[in-house]
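Only one structure is covered here, and it is reproduced in the block below.
Bear in mind these aren't lab numbers, they're just calculated from the coordinates by the rules spelled out. In this text the structure is predicted, and so the values were computed from the model without any measurement.
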Amino acid sequence: MRKPKPSLDHSRAVAYLAERDPILKQLMTRCGPCLLKQAKGGFETVAEIIVGQQLSTIVATRIFQRLRTLAGGRFTPAKALKLTDAQYRSVGLSRAKTLYVRDLASKVIDGEVSFRRMDKMSDGEVTEMLIRVKGIGPWTAQMYLMFVLGRPDIFSAGDKGIQTAMAKLYRKRNVKKLDRFAERWKPYRSVACWYLWRSLNNTPPATTAEAARYTQG
């Protein structure tokens, strides 16, 4: 399992955004330094996101811990495929999520999804690869790009937290127009997203698994 990567230096992005957006400048002054960092990724991370969909943090964490214990301490693609339907049910996983986790495991083993190759792939290529997995959509791919791969220019118009923050700060409530509005923050939209989340008086997630529970709605 990969170790968490160190925090990145976002000073250039902060200065760039502050110069172009007075509202964001005020928000950044109030919230302080950007602490967006790269976290560990891989099969376990994405599997944990799937398990945690539409569940509270406490419940999702408990289920995934049980799943890891059932798998012998580490949840790998091979172990995911060996577990039976009854075993998945025993830890509280639904039939649909069991299907999604197995589909992810199968695609990783077959090489259709390769976390090792992602570092050298474009944002679009990573997204295209991840959404091949049942139960994974563009939002999960965006969170992986931002929180694991450390891509600097990711914006998630479909994220509930981003939508709430932009409605409050910019009076922007038309979701279809959020992407266009966020063009002004290129090429540092990931940092802008971090501050938008922070404006809700929450601590933005450190990992994609935390992000799944933090922003879903």
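Here are the numbers:
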{"quantity": "Cα long-axis angle, helix 160-170 against the chain (0 to 90 degrees, to the nearest 10)", "calculated": "10 degrees"}
{"quantity": "Long-range HN-HN contacts of residue 37 with modeled amide H, under 5 Å", "calculated": "none"}
{"quantity": "Over the chain, relative contact order from alpha-carbon pairs under 8 Å, at least 6 apart, %", "calculated": "27 percent"}
{"quantity": "Cα-derived Rg over Rh, computed across segment 43-147 with Rh taken as Kirkwood radius", "calculated": "0.96"}
{"quantity": "Whichever lysines have a C-alpha closer than 20 Å to that of residue 97, once near sequence neighbours (fewer than 8 apart) are set aside", "calculated": "79, 82, 107, 134"}
{"quantity": "Tail beyond 22 Å, pair distance distribution of the chain (Cα, percent)", "calculated": "51 percent"}
{"quantity": "Relative contact order %, segment 37-111, counting alpha carbon pairs below 8 Å whose residues are six or more apart", "calculated": "35 percent"}
{"quantity": "Theoretical gain in end-to-end length, residue 173 to residue 86 [0.36 nm per residue, Cα-Cα removed]", "calculated": "26.9 nm"}
